[in-house]
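Beneath this line is the structure, given in structure tokens, with notes to follow.
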Amino acid sequence: MLEPLTKQFQNLYPNQIDFGTRVVDALQLHHTVLAFAHTQCGKTGSMLAAIHLSKIPLNRVFLITGLSSIDWLVQTKKRIPMRNIFHRNTLHLFFNAISKVQNPLVLIDECHIASKPGQIIHKVTSEVKAKFVLVSATPDWKRFDPLPDGVAIRVMKDPPKYISVDHFAENDQLLQCKNVSNHPDALDHIREIIPFLNKPAYHIVRTPRNELHEMTINNFKKVFPQYPLLSMPNLDILSIPPSVHTFIFIKDTLRCAVTIPKPYIGVLYDRFTRFPNRSSIIQGLLGRATGFESGHIVVFSYPDMV
């Protein structure tokens, strides 16, 4: 009977196995490999490929992230069946476990998170003696220019039929998000969505926190009184075809490393901010729109920063 990890490896796509192979080969001559892959490109499977192809016993392999995300933890454990997986809130357990291991391999997913001096991932890479695979769609490139000694960069090839951020920009499906909460023209901003309401679909809106969350929902209720408006629902519903247009309002979920089913999504509307951060934009709802079977989605985000 095949081990779970081996069984999962056999289900990977060629580009994931290719990327994992190149990462493992680079580790033969380097202590750290930066593994760059576009959002929703299959990097979790590529990490599984690297773990499997390294032939390092699983008790010496660790997969961690600076994200404090239960969504990430659940999704990653489902896709990579191994014990040593830790997110930000359990990294104290990681430090304890890795202290008992010789020659470990540490994969850091979303390695740009909490990686500045004084932050937890920086502490990991500077204090733990290990080989590292740093995985990200939005790494801090300044850290790698010039390339430090012992560090290699490997880039994942986009698979066939992959829908990139560029697809949305080039096909007029990436528009500027606006203040739909407490702006005098908030209702007019919301009405800009109307031309993109075709067949029934889910439309996900990221709102500010606190009272502005409810204010945003109330504004949408004025523009779309005939449609269901759901606040922070279980997102399993995204797998079920909707019978009517349905608006879903979220706060801080659906960020980097989270994959969602896309066939029934119509519009993704990111939260407006006066000072957008490019990394957050790529990793936000725009990044969730990339991948496969998503060419129909319209995204309101920050086209000038792509």
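Just a few scattered comments:
- Mean Cβ count within 10 Å, highest first, over the residues of peptides 225-238, 53-66: 53-66, 225-238
- For the chain, built as a Gaussian network whose Cα springs stay under 10 Å, the top-fluctuating residue of Tyr269, Tyr13, Tyr202: Tyr13
- In the frame of its principal axes, segment 1-88 has Cα extents of 34, 33, 26 Å, reported largest first.
- With one equal scatterer per alpha carbon and no solvent term, the Debye-computed log10 I(q)/I(0) for segment 72-199 at 0.14, 0.16 1/Å reads -0.88, -0.98.
- From largest to smallest, the equivalent ellipsoid semi-axes obtained for the chain from the alpha-carbon gyration tensor read 37, 20, 18 Å.
- For segment 165-305, the spread of Cα coordinates along the three principal axes comes to 37, 33, 26 Å, biggest extent given first.
- Listed residue pairs exceeding 20 Å between alpha carbons, taken from Lys157/Lys262; Lys178/Lys251; Lys221/Lys262: Lys157/Lys262; Lys221/Lys262
- Relative packing of peptides 19-26, 139-146 - highest average C-beta neighbours within 10 Å first: 19-26, 139-146
- According to the calculation over all Cα-Cα pairs in segment 2-155, the P(r) per 5 Å bin from zero is 2, 9, 20, 25, 23, 15, 5, 1, 0 %.
- Over the chain, DSSP H runs of length four or greater, each weighted -39,500 (n - 2.57), average out per residue to a 222 nm ellipticity of -8500 deg cm²/dmol.
Since every read-out is calculated from the coordinates, none of them should be taken as a lab result. All of these numbers come straight from a predicted model, not from anything done at the bench. Cβ atoms come from the backbone with ideal geometry, glycine included; neighbour counts cover every protein chain shown.
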